[in-house]
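First comes the structure, then the notes that go with it.
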Amino acid sequence: MRNPVIALVHTLKMKSIQFIITASFTLVTVAVMLFVGVMLYSKFSETAEQNAFLHTQQIIDQVSFNLKSYLDGMTDIFELAAEKIRRSENVPDDKLTEQLGTILETREDLVSVAVFSREGELIAGFPQTAMRKNTRLREQSWFQAALNNPNHISFSLPHIQNLFQGEYKWVVSMSRGISVAQNGEREDAILLVDVNFKTIDDLCQRVGLGKKGYVYIIDLAGNIVYHPQQQLIYVGLKNENRAIALKNSYGSYVDESGGERRLVTIKTLEDIGWKIVGVSYMDEIATTKKEISGFIFWLLFFVIAVVLFVLTYISAAISRPIRNLERSMEQVEKGDFTVNLAVQGSHEVEQLSRRFNHMVIRIRQLMDQIIREQEAKRKSELEVLQAQINPHFLYNTLNSVVRMVGNGKNEDVITTITALSKLFRISLSKGKNIITVQEELEHVRNYLVIQKMRYKNKFTYEITAQEEVLPCKTLKLLLQPIVENAIYHGIEPMAQQGKITVTAEMADGSVLFRVRDNGLGIPPHVLEQIGSGQIKSKDGSGVGIKNVHERIRLFFGEAYGLSIESDEETGTTVTIRIPMMTEET
């Protein structure tokens, strides 16, 4: 029976794993969601504030455009009236009165048109009504502006039209100096056009900046031209901070002077000298921010609650098989590659367990294979290096060259040294292991030339190859060890002259090399020992037939290698099979 204490410890560990998984994922999720929430709130708040600023600026620009268009239209009418008066041969006359009447009838917002002398006497006017007494005309702002700046159209502050008897309307007066003809002479006068202020008032009344925001107009001196609560300002119940508007000509600014944070947006009509000021309240923008923050808070709360529930369920499902996987990994870490993990749990964990088992098996196989291959490769590389530079072979060859020189055989000396240089050039091959079949045959040809000189024509040789096999690729130094063994063990002990034949051909998608000699042959028991690597030639290259066979299989696989056929007193044939390889493949 299982120890209750161990079972309790195991259960606590499983619960701990489950808690850690749930807590970890929850903390990460909460952190990420909080970060995203803060970033979203910051971005949305910034965007809401920028949109409020931009929206207010766009409204003020539109009001400015509409008001300027309207006043430009009034200016055109003023210029039209002035042109009619200048062209009149005598002011007043019936024709001029008719023309001024026509101009006033075309626009309902025109109240009156009048021409006054610089002394304040009425020269001409429409409508033709009597003037009120005690108007103090010369003291009025529009009259003084025309006297002081006669070449510029002046706009007055809104006021009651009190010059003519009849209906007294709220107007804005336009005035400028003008030259008129009277009794054949030109005299300086002042042209007055009164415009009904109701149109301007209606234009501004329709503008709303949020629930509490509004638009008002001042002149360059700070006087109120229009305000939606103008009566309250006149009686002192409301005060408007005009310092920011007087200081700046354009832009948006935050005003905190009245105890409330307000956004003040300013636009100046340069030609007229009026400033349009928009006032919107920052608490309305803050309300939008609160709505955004509330939405993001409840969204985060809902997402975190759902994630917590899902993670609790998932962690409970995966913690147990993960713990089993952890224990198996600990065993592998200690070097035990016989582990076989039970496949269970969710689909993902099952796949992970299967992959883990396959991985352990594959690691075990690869470790065994690497050990074998590294041993074989190190041995092969060492022996190939010995074959490339064989001091014994070089010593014997140079001794033969010295003897030839002593005997005056210069032709043989040249042939031997030339063959030796070509032999070593191909043997080194700039460090490459792969050469062409043609180069491999050339290498063994030079080797046979040198050996034939040394053994004083003890043997003859013949090398043949199919044309299509010459460009194929092969490992270098495959043939020299075989030919070397044929000379030392097959030809040298013979009393008569021997013969070595080397061929290369294609067969069934492979390249076949054959080295034949008519030497003494190999006894069956010796042939078996050579195949197992138990015999190594003392006078040969040191590579050995077995080593050539292992090199081929190491590079090309188990399907390729070397085979030997031999009969005593008849000779030996060694066949080498490698895959057909071209420059492209």
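What to note about this one:
- Selection of the stretch 181-203 for residues being under 60 Å from the mean Cα position of the chain (by Cα), surrounded by fewer than 20 Cβ atoms within 10 Å (Cβ to Cβ) and not polar (S, T, N, Q) yields K198, D201, D202, L203.
- Residue in the stretch 317-327 that is touching a residue at least 12 places away in the same chain (Cβ under 8 Å) and in a loop (DSSP other than H, G, I, E, B) present: no
- Out of V444, V449, one residue alone is over 60 Å from the mean Cα position of the chain (by Cα) and aliphatic (A, V, I, L, M). It is V449.
- The numbered conditions (1) open to solvent by 70 Å² or more (accessible area, probe 1.4 Å); (2) within 14 Å of G278 (Cα to Cα); (3) free of Cβ contacts under 8 Å to residues at least 60 places away in the same chain are all true for I218 except (1).
- Search result, residues across the stretch 81-109 that are without any contact (Cβ under 8 Å) to a residue 40 or more places away in the chain and exposed (fewer than 15 other Cβ atoms within 10 Å of the Cβ): E83, R87, D93, D94, K95, E98, G101, T102, E105, T106, R107
- Filtered residues of the stretch 130-148 (kept if part of a helix (DSSP H, G or I), in contact with a helix residue (DSSP H, G or I) (Cβ under 9 Å, 6 or more places away or on another chain), open to solvent by less than 60 Å² (accessible area, probe 1.4 Å) and not aromatic (F, W, Y)): L137, L147
- Hits in the stretch 406-446 (condition: open to solvent by 80 Å² or more (accessible area, probe 1.4 Å), free of Cβ contacts under 8 Å to residues at least 12 places away in the same chain and either part of a helix (DSSP H, G or I) or at positive phi (or both)): N410, E411, I414, R425, K430
- Residues in the stretch 456-489 that are of a type in the set (V, I, T) and either surrounded by fewer than 17 Cβ atoms within 10 Å (Cβ to Cβ) or not in a helix (DSSP H, G or I) (or both): 4 in all.
- Residue match in the stretch 245-260 (condition: under 24 Å from F197 (Cα atoms) and surrounded by 13 or more Cβ atoms within 10 Å (Cβ to Cβ)): yes
- Close pairs from the stretch 158-171: first in contact (Cβ under 8 Å) with a residue 60 or more places away in the chain, partner of a type in the set (A, V, I, L, M, F, W, C) and assigned to a loop (DSSP other than H, G, I, E, B), Cβ under 7 Å, at least 6 apart: P158/F197; V171/F197
- Residues satisfying the stated conditions in the stretch 19-76, i.e. over 40 Å from the mean Cα position of the chain (by Cα) and open to solvent by 30 Å² or more (accessible area, probe 1.4 Å): Q62, F65, N66, K68, S69, Y70, D72, T75, D76
- L398 vs. criteria modelled with pLDDT of 75 or more, out of contact with any helix residue (DSSP H, G or I) (no Cβ under 6 Å at 6 or more places or on another chain) and open to solvent by less than 90 Å² (accessible area, probe 1.4 Å): yes
- A Cβ distance below 6 Å, combined with a sequence gap of six or more or placement on separate chains, defines the contacts here; from the stretch 126-140, residues that are under 21 Å from P92 (Cβ atoms) reach no residue that is among the hydrophobic types (A, V, I, L, M, F, W, C) and surrounded by fewer than 15 Cβ atoms within 10 Å (Cβ to Cβ).
- Criterion (modelled with pLDDT under 90, over 27 Å from Q466 (Cβ atoms), of a type outside the set (G, A, S) and not in a helix (DSSP H, G or I)) met by exactly one of Q534, Q529: Q534
- Elements of the type helices (runs of 4 or more DSSP H) sitting completely within the stretch 161-252 and holding at least 2 residues that are of a type outside the set (G, A, S), closer than 30 Å to D61 by Cβ and in contact with a helix residue (DSSP H, G or I) (Cβ under 9 Å, 6 or more places away or on another chain): these cover 198-205.
- Filter result for the condition that a residue is open to solvent by 30 Å² or more (accessible area, probe 1.4 Å), modelled with pLDDT of 75 or more, part of a helix (DSSP H, G or I) and of a type in the set (F, W, Y), over F301, F356: F301
The values are calculated or read from the model by the stated rules, or taken from the named source; none is laboratory data. In this text, all values refer to a predicted model and were calculated from it rather than measured experimentally. Please note: Cβ atoms are built from the backbone with ideal geometry, for glycine as well, and neighbour counts cover all protein chains shown. Side chains are part of the model used for accessible areas, which takes the heavy atoms of the whole protein and leaves out ligands, DNA and RNA. Shrake-Rupley method; radii C 1.70, N 1.55, O 1.52, S 1.80 Å.
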